[in-house]
Every structure is written in structure tokens, then in C-alpha cells.
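One structure is given here, and the rest of the page talks about it.
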Amino acid sequence: MKSLVYNSHGCTAYNSNGEIVYRVDNYDKKCSSQVYLMDILGNVLFSIQRKKLRIFGCWDGYNWDFSKKQRWFRVTNKRGMIHVDLGSNQRGYKILKNGTKGFKILNLDQDGALVAEIKRKQTTSGVDLGNDVFTLTVEPEIDQSFIMSIVMVYGLIHRQL
């Protein structure tokens with residue numbers, strides 16, 4: 001959950017080979033109302049915007065397309081229950097906290113099937129590498145950038161991003 005840019009807030013995602021895959025930089029302030037998910041080249045993939053009335057705990061995710069601004073998903077946080085709504089008659093996804101060390105993303109359209117899990121990264125001897133170093137496992141056939149955008153919202157909800 002560290003930014004590559006000095007004095008900014010964000011995070012960097014690496015693949016299993018140690019190569020940068022995604023980056024999130026928030027140049028404004030921590031817990032900003034707008035954050036961008038970018039690929040290694042700096043191309044914006046998703047824009048996450050917090051709705052103006054923060055008491056409702058609502059974030060909209062936009063698939064980045066310069067020709068039109070169309071919401072792809074909405075994340076709501078009501079009484080600690082985090083739900084990802086895709087609209088169009090789909091039940092969406094649910095985020096379940098997994099103790100103090102991570103969370104799981106479940107697909108409600110597939111009877112709660114696990115699609116991704118994030119947990120603190122540990123050494124082979126079981127020692128945590130820190131509060132801001134995680135391992136993200138995404139099931140095959142799942143859009144990794146979409147899952148990464150959900151991870152971004154989770155970080156915003158918990159004031160880690």
C-alpha cells in the first residue's frame with residue numbers, strides 16, 4: 001500500500017514475478033474523493049469517485065473511456081456490510097472481512113463463489129511483512145483490473161489509501 005510517487009498516497013501491485021502491474025496514486029490527499037487505477041504505462045483503467053454524501057458510504061467505479069462516462073459498478077458500505085452492485089439484474093459481489101489480516105470477494109450470482117482473496121503477505125516462516133504488504137489471489141477468468149478497483153475501494157473505506 002505504498003505509492004511509487006514521493007509524498008503521495010496510493011499503492012502499487014506487483015505480479016508473482018515482481019513486475020509492476022497496477023498502480024494507484026492519489027496526488028490530492030489521503031482518502032480523496034477521486035482515485036485512479038492505472039496500468040504500468042500510466043493509462044487510467046478505472047476511476048473511483050466517492051459520492052458527495054459520505055454518510056451513505058457509496059463509491060462509484062467508472063471504466064475509463066474518454067468517449068463517455070458510464071458507471072460500471074457501485075460499492076456501498078452499510079453497517080459494515082460491503083456490497084458491489086453491477087446493476088443490470090445481477091446480484092453483484094460481497095466483501096467479507098477475513099479476521100484482521102484480509103478479506104474475500106464473493107460472487108453472489110454464483111452462490112457466493114470465491115473470486116478473490118487478499119491477505120497479509122508472510123515470509124515462509126510465517127512472519128508478516130507489514131500492515132501494508134498483501135498477497136492478492138484472483139481466480140482464473142476474472143477481470144483482474146476490476147478486482148483491483150474493488151481493493152481500492154476497500155482501502156478507501158478503511159482509510160488505507
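So which residues in segment 79-95 are surrounded by 15 or more Cβ atoms within 10 Å (Cβ to Cβ) and part of a strand (DSSP E or B), if there are any at all?
Ile82, His83, Val84, Asp85, Tyr93, Lys94, Ile95
Given the criteria surrounded by 14 or more Cβ atoms within 10 Å (Cβ to Cβ) and either closer than 28 Å to Val133 by Cβ or at pLDDT 90 or above (or both), does Leu45 qualify?
The answer is yes for Leu45.
Restricting to segment 140-159, and then to whatever is in a loop (DSSP other than H, G, I, E, B) and open to solvent by less than 80 Å² (accessible area, probe 1.4 Å), can you tell me which residue is nearest to Gln34 (Cα to Cα)?
My answer is His158.
Return the residues of segment 97-122 that are in contact with a Leu (Cβ under 7 Å, 6 or more places away or on another chain), open to solvent by 40 Å² or more (accessible area, probe 1.4 Å) and part of a loop (DSSP other than H, G, I, E, B); say none if nothing qualifies.
Answer for segment 97-122, where residues must be in contact with a Leu (Cβ under 7 Å, 6 or more places away or on another chain), open to solvent by 40 Å² or more (accessible area, probe 1.4 Å) and part of a loop (DSSP other than H, G, I, E, B): just Lys121.
Only one of (1) modelled with pLDDT under 90; (2) out of contact with any His (no Cβ under 7 Å at 6 or more places or on another chain) fails for Val115. Which number is that?
That leaves (1) as the condition not met.
The values are calculated or read from the model by the stated rules, or taken from the named source; none is laboratory data. Everything quoted here is computed from the prediction, not taken from an experiment. Positions of Cβ are generated from backbone atoms using ideal geometry, with glycine treated the same way; all protein chains shown enter the neighbour counts. Only protein heavy atoms, including side chains, enter the accessible area calculation; ligands, DNA and RNA are left aside. Shrake-Rupley method; radii C 1.70, N 1.55, O 1.52, S 1.80 Å.
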